Amino acid sequence: MSSCSSMSSKDNMLHVLAVDDCLVDRKLVEKILKSSSYRVTTADSGKRALELLGLGDDNVSVQEAKVNMIITDYFMPGMTGYELLKIVKESATLREIPVVVMSSENVPTNISRCLEEGAEEFLLKPLRKSDVSRLHSHMMRSS
Amino acid sequence: MALNQQLNAHVRFMYDQGLLEELQFDQLQQLKDANNPDFIVDVITLFCEDTDRILGELDKYKGAPVLDCYKVGAYVHQLKGSSSSVGAQRVTLACVNFRQAFEENDMDRCRQAVNMISEEYSKIRKEFEKMVQGSAHGMLAKHTAEK
């Protein structure tokens, strides 16, 4: 049985944080991203995503590993993807991270407010492999 | 080999019946690879477990004299998303139907829509179960043969 990832190759892999409250969608986005050789961490809420990014309520949490992109669902209970986007863009430490928002609903006002707030792209679900290849250009390279 | 053919025939049947959306399900099949040969089975299983849970929640609201359309709507929204992602298009349509009934403030239609969601889900759940069973046996048979 072969394994693609080893400790050294993980460091070179671009790391994506995928946020979605829907279990099935999380699995899908994770698989699509992994099959494009990205390293993926998933979160089931905006709150959890912020904890993983080091902006949790408990100041103990540290950003585990550098994140090169955040991809988030729009409609989530608690904190929406839009709200998460705003918090990320307002954070001095996180604002440089490109954020992509996805939604199963095609609502023009939601799309424009996300783009205005600094989202790189707004993708319609269900996500396809072809969508992911477009994300590559938005990825933040590690400095 | 024969089992793979069986699986393909089963999937084709589901496409023909309109139970599965070919474009989307095809995408899922393409994601299967050496690292994750069970991907389809995993996703389908996940979908069924998640939907069983959602319908369990909906059952609690069904009995009420006045349907809490907001709470129900939140669950239906979740199901709309996940069903769309696996290509379970008739379930997705049933969810859209609920949304329309909700927007028209039609309580009776909302109730009917919830029932329709359950019905459509039962249909595809049965087929997904067959698919998963068939796959597991296929995996086991292949694994044993390779030893």
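Worth pointing out:
- Put a plus charge on the Cβ of each Lys and Arg, a minus charge on the Cβ of each Asp and Glu, and nothing anywhere else: the dipole of the stretch B:1-74 about its Cα centre is then about 200 debye.
- Alpha carbon Rg of the stretch B:1-72, scaled by the compact-globule rule 2.2 N^0.38 Å: 1.52
- Cβ neighbours within 10 Å from other chains - mean over B:78-91: 4
- Protein accessible surface hidden between A and B, which excludes ligands and nucleic acids, total in Å², probe 1.4 Å: 1900
- Equivalent-ellipsoid semi-axes of the stretch B:94-137, from the Cα gyration tensor, Å, largest first: 31, 8, 4
- Dipole axis of the protein assembly as shown (+1 Lys, Arg; -1 Asp, Glu on Cβ), positive-most option in B:Gln133, B:Leu55, A:Cys114: B:Gln133
- Selection among B:Leu19, B:Gln29, B:Asn4 by position relative to the dipole of chain B gives B:Asn4 as farthest towards the positive end (Cβ unit charges, Cα centre).
- Multiplying the residue separation of B:Asp106 and B:Tyr70 by 0.36 nm and subtracting their alpha-carbon distance yields 11.7 nm.
- Less than 5 angstrom separates the built amide H of B:Ala88 from those of B:Glu21, all sequence-distant by 5 or more or on a different chain.
- Distance violations [Cα-Cα > 24 Å] among A:Lys89/B:Lys32; A:Lys31/B:Lys123; A:Lys47/B:Lys32; A:Lys27/B:Lys80: A:Lys89/B:Lys32; A:Lys31/B:Lys123; A:Lys47/B:Lys32
- For A:Met102, the residues whose modelled amide H falls within less than 5 Å of its own, excluding neighbours fewer than 5 places apart on the same chain, are A:Thr72, A:Asp73, A:Tyr74, A:Leu123.
- Taking only the Cα atoms of the protein assembly as shown, the radius of gyration and Dmax are 20.4, 61 Å.
- Calculated FRET value between B:Asp52 and A:His136, using beta carbons and R₀ = 51 Å, to 0.05: 0.85
- Sorted on the mean count of surrounding Cβ atoms within 10 Å across their residues, most packed first, peptides B:34-44, B:76-86, A:30-40 read B:76-86, A:30-40, B:34-44.
- Over the stretch A:15-141, accessible surface divided per residue gives 44 Å², non-protein components excluded, 1.4 Å probe.
- Averaged over residues, the count of other Cβ atoms within 10 Å places the peptides B:96-107, A:41-52 in the sequence A:41-52, B:96-107, highest first.
- Residues of type aspartates and glutamates that B:Lys126 reaches as a straight line, Cα spacing below 17 Å, ignoring anything fewer than 8 places off in the same chain: B:Asp16, B:Glu21, B:Asp42, B:Glu49, B:Asp50, B:Asp52
- Peptide A:99-110 - average C-beta neighbours from other chains (10 Å radius): 1
- Reported value for the stretch B:39-135: 77 Å³ per residue, from the convex hull of its C-alpha atoms.
- Orientation-averaged projected area, Cα convex hull of the stretch A:15-141 (nm²): 7.1
- Positive contributions from Lys and Arg (+1) and negative ones from Asp and Glu (-1), summed over other residues with Cβ under 13 Å from the Cβ of A:Thr109, come out at -2.
- Span-like helix ranges in chain B, DSSP H, alpha carbon extent 20 angstrom or more, Kyte mean at least -1.0: B:2-16, B:39-62, B:69-86, B:89-103, B:107-146
- Each Lys and Arg adds +1 at its Cβ and each Asp and Glu adds -1 at its Cβ; summed about the Cα centre, the protein assembly as shown shows a dipole of about 620 debye.
- Per residue, chain B reaches -28500 deg cm²/dmol at 222 nm when only DSSP H runs of four or more residues are counted, each adding -39500 (n - 2.57).
The values are calculated or read from the model by the stated rules, or taken from the named source; none is laboratory data. Here the structure is a predicted model, which is why all the values come from computation and not from measurement. For neighbour counting, all protein chains shown are included, and Cβ atoms are generated from backbone atoms with ideal geometry for every residue, glycine included. Areas reflect the complete protein model, heavy atoms only, side chains present, ligands, DNA and RNA absent. Shrake-Rupley method; radii C 1.70, N 1.55, O 1.52, S 1.80 Å.
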